[in-house]
Amino acid sequence: MSIVREALKNLLSKPATIEYPKKPVPIEKDFRGRHYADLRKCTGCTLCAIECPSNCITMEKLPENAKLKHNPRGLYPNIRYMSCVFCYRCVRVCPVDAYVTTNEYRLSSVKEVFSKELTLQTLG
Amino acid sequence: MENGMVEKATSIIKIPVTLEIPIGPQHPALHEPVLLKIYADGEEVVGVEIGTGYNHRGIEKLLENNTFYKGKFIASRVCGICNAVHENCFVRAVEYLVGMKPSPRAEYLRVLVMELERLHSHMLINAIMAEIIGFDTLFMYIMRDRELVMKAKEIVAGNRVSADFHMFNGVRRDIDDVKRDKLIDLLRRVEPRLKYYRKLFEDDPTISKRLTEIGVLKAKDVTSYGMLGPVLRGSGIKSDARAEDRYDAYNEIPFNVVVRGEGDSLARMLVRWDEALESLEMCKYILEHLPSGPAAVDERKLPRTFPAGESFARVEAPRGELTYYIQHAGGNKPYRVKVRTPSLNNIINSGFSYLGHSVADVPVILVSYDPCISCMERAIIVDLKNKVEKRATLREIAMKEVRL
């Protein structure tokens, strides 16, 4: 490796890195990113909370005004993304395929992030 | 002197000054928390004590307390770099217990993920070696090209590092033709770069002068100290769990076991480059000859409990042979899981190889063993009666030199 040649080559070429906040990072469509439960399908069976390897799913009570016929126990999963390892075990064990998966990976935050808001939005 | 006569000295008194130099656990040259206590006489290393225990997480106990399905994800987090081989070994040990046999396509895909992992692991340690010897340009170049392999792994498994790809009786995702073409294109772009780096490590005077004859291990040493993986193959011993056991699809995929006889740090790095090229060829072969049929399993239909028994599986990790032993008394949790990782043998037993070299060579020799400290944290003895912790090597425990 000749350092003169490499230096010249690098001065004349573009940087290899992606200027992240300005340009988006190319990410696969099926990357295991942020996922949340869809309340139109979720039956509140608690299987995802039992099977979660990092114990980051807690089952919470639905709001008072929301009465769902297919969810007699009135429970829904709330994922704590800060402890989630994104293994998608919950997505795969769900008997009604209630989880919505995205490739969203930008989850860093100074506060705890939960899936509660996204899940309750699915009520419409 | 007074009479003008010069008295000749009859003896010289030499006071040996042995300096104790701690290298690590926090050290710019070491990327992992391990303590090498070096005793140096001048510049020469006269003794080495290897201290570990900075990264102990109690994974084996954690595996006992969790179900097999949770344990699969915990096992893959023993080590970040070689997560797929840990996963594969655990999954195969459980499959032997139950008598499951995954489909041929699933076996091929497992091998694909493991070989991609070997590829990026070998690139990483070669990049770190370049950085340690002060060749930062090469470090940057290798890390840039490693991104292509990480992208390939992201396409197959859904994540750059933590694959979480295996499941009992198969794999968790399948690949289609679009993904296959993307992967072949990525591998085609990696190949010339790998060949270039391989040539560079062989020809470049900076690298060869720094690594030749450093940390020489003879074939007798590596076998008597039980070293594994590229360290073993760099000293002329042909041993590879992939070729010996032919697990998963390794019986159908052609590959060569790379062996070099020199036994020095350069030979170990070149073994890794050659293995990386072999892995690349294997990945290409897999993508071109992928059998049709189902691969992904429905995780909802897998059994909740497994029959009692014990099983043992071994796998060739990027760093050497990795073994899992599972003892199961029935139910959904294992009674005992024993993990034996290659770094445990390669690092703890390697103290003799530093002797006689200069202090500056110590990081080079350590990196040439490809240390993976998170894998090897095992033996801390906790005396519950007196509430004291003490550290001991596994040999001391086996020879009953340490009272448990």
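The values are calculated or read from the model by the stated rules, or taken from the named source; none is laboratory data. Note that the structure is a prediction, hence the values are computed from the model and not measured. Cβ: placed from backbone, ideal geometry, glycine included. Neighbour counts: every protein chain shown.
Residues of segment B:143-178 being facing another protein chain (nearest Cβ under 9 Å), under 21 Å from B:K284 (Cβ atoms) and not in a loop (DSSP other than H, G, I, E, B), which ones?
Result: B:E147, B:K151, B:E154, B:I155, B:A157.
For segment B:253-269, which positions are crowded, with 23+ Cβ neighbours inside 10 Å and aliphatic (A, V, I, L, M)?
Scanning segment B:253-269 gives B:L266, B:A267, B:M269.
Within segment A:84-104, restricting attention to residues that are more than 10 Å from chain B (Cβ to nearest Cβ) and crowded, with 19+ Cβ neighbours inside 10 Å, which residue is farthest from B:D164 (Cα to Cα)?
Within segment A:84-104, the match that is farthest from B:D164 (Cα to Cα) is A:A98.
Of the conditions (1) within 12 Å of chain B (Cβ to nearest Cβ); (2) part of a loop (DSSP other than H, G, I, E, B); (3) modelled with pLDDT of 90 or more, A:A16 clears all except one; give me its number.
The one condition A:A16 does not meet is (3).
Hey, could you check segment A:19-70 for residues that are touching a Lys or Arg at 6+ places or on another chain (Cβ under 6 Å) and more than 9 Å from every other protein chain (Cβ to nearest Cβ) and say which is surrounded by the fewest Cβ atoms within 10 Å (Cβ to Cβ)?
Among them, the one singled out is A:C56.
Can you tell me which residues in segment A:13-27 are in contact with a helix residue (DSSP H, G or I) (Cβ under 9 Å, 6 or more places away or on another chain) and over 21 Å from A:I79 (Cβ atoms)?
A:A16, A:T17, A:P26
Can you find a residue that is assigned to a loop (DSSP other than H, G, I, E, B), more than 14 Å from chain A (Cβ to nearest Cβ), buried (at least 18 other Cβ atoms within 10 Å of the Cβ) and polar (S, T, N, Q) anywhere in segment B:43-59?
Within segment B:43-59, one or more residues are assigned to a loop (DSSP other than H, G, I, E, B), more than 14 Å from chain A (Cβ to nearest Cβ), buried (at least 18 other Cβ atoms within 10 Å of the Cβ) and polar (S, T, N, Q).
Could you pull out the residue among B:G215, B:G226 that is modelled with pLDDT under 90, out of contact with any Cys (no Cβ under 6 Å at 6 or more places or on another chain) and surrounded by 23 or more Cβ atoms within 10 Å (Cβ to Cβ)? Even if it seems obvious, please write down each step before you answer.
Numbers: B:G226 fails: surrounded by 23 or more Cβ atoms within 10 Å (Cβ to Cβ).
When all the criteria are applied, what remains is B:G215.
Given (1) within 14 Å of chain B (Cβ to nearest Cβ); (2) more than 24 Å from A:P26 (Cβ to Cβ), identify the lone condition not met by A:F114.
Answer for A:F114: the failing condition is (1).
Name the residue that is surrounded by the most Cβ atoms within 10 Å (Cβ to Cβ), counting only residues in segment A:71-83 that are away from chain B (no Cβ under 14 Å) and part of a loop (DSSP other than H, G, I, E, B). Spell out the reasoning first.
Pass one, segment A:71-83, residues away from chain B (no Cβ under 14 Å): A:71-82.
Narrowing the set further to residues that are part of a loop (DSSP other than H, G, I, E, B) leaves A:71-74, A:81-82.
Details: A:N71: 19, A:P72: 10, A:R73: 13, A:G74: 15, A:Y81: 17, A:M82: 13.
The residue in question is A:N71.
Please specify each residue of segment B:69-85 satisfying the condition of being within 18 Å of A:F86 (Cα to Cα) and outside any loop (DSSP other than H, G, I, E, B).
Going residue by residue through segment B:69-85, those that are within 18 Å of A:F86 (Cα to Cα) are B:69-84.
Once the filter is applied, which keeps residues that are within 18 Å of A:F86 (Cα to Cα) and outside any loop (DSSP other than H, G, I, E, B), segment B:69-85 yields B:Y69, B:K70, B:G71, B:K72, B:F73, B:I74, B:A75, B:N83, B:A84.
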